[in-house]
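Heads up: the structure comes next, in C-alpha cells.
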Amino acid sequence: MTCRICGKPFDRIHYLSPYEEVCSNECFRKAYWLEIIGEKEEHVVINGKCYYIGSGKGYDKGNGGRSFTLRMLETGEIIETDDLWVNGDVPEAFRNELPDNAEFVEGL
C-alpha cells in the first residue's frame, strides 16, 4: 500500500475508514484536517478551535447537550445549539484554510 498523504509505502493498515490509506499519526492528522477543509462550510472555528454543529436529534449530543449561542462573523447570524462537537485545535499549517468564522455569544 502507498500512503495517500506522503506517498510512502507501508504494509499494515493502522486506522479505520476513511483513514486506512495513511501510514502514520502525522499523515492521519493531515488527512483528518484536509477532510474538514473539504467540508468547512459544515464547521465553525472559534479562537482557533474547530467545531461541528450536530443535528440536535437523538440522545448522544456534543458537549453533553450543553447549550451554546454562536454568532457567525461574516453574516451576524445567531445560531443556538445543544449539540456542539469539538473537532480540535486547528493546526497552524491549516489556519489559512480554516480561519475563525464565528464567536461565542454570552447573555442573549
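The values are calculated or read from the model by the stated rules, or taken from the named source; none is laboratory data. All of these numbers come straight from a predicted model, not from anything done at the bench. A quick note on method: Cβ atoms are made from the backbone with ideal geometry, for glycine too, and the neighbour counts reach across all protein chains shown.
Brief remarks on what is shown
- Of all residues making up the stretch 1-42, the number that are under 21 Å from Ile53 (Cα atoms) and in contact with a Cys (Cβ under 7 Å, 6 or more places away or on another chain): 1
- Members of the stretch 87-108 that are closer than 22 Å to Gly54 by Cβ and free of Cβ contacts under 8 Å to residues at least 40 places away in the same chain: Gly88, Val105, Glu106, Leu108
- Search result, residues across the stretch 43-64 that are at pLDDT below 95 and exposed (fewer than 14 other Cβ atoms within 10 Å of the Cβ): Ser55, Gly56, Lys57, Gly58, Tyr59, Asp60, Gly64
- Matching residues in the stretch 29-62 - criterion: being among the small types (Gly, Ala, Ser) and either assigned to a strand (DSSP E or B) or more than 19 Å from Tyr15 (Cβ to Cβ) (or both): Gly48, Gly54, Ser55, Gly56, Gly58, Gly62
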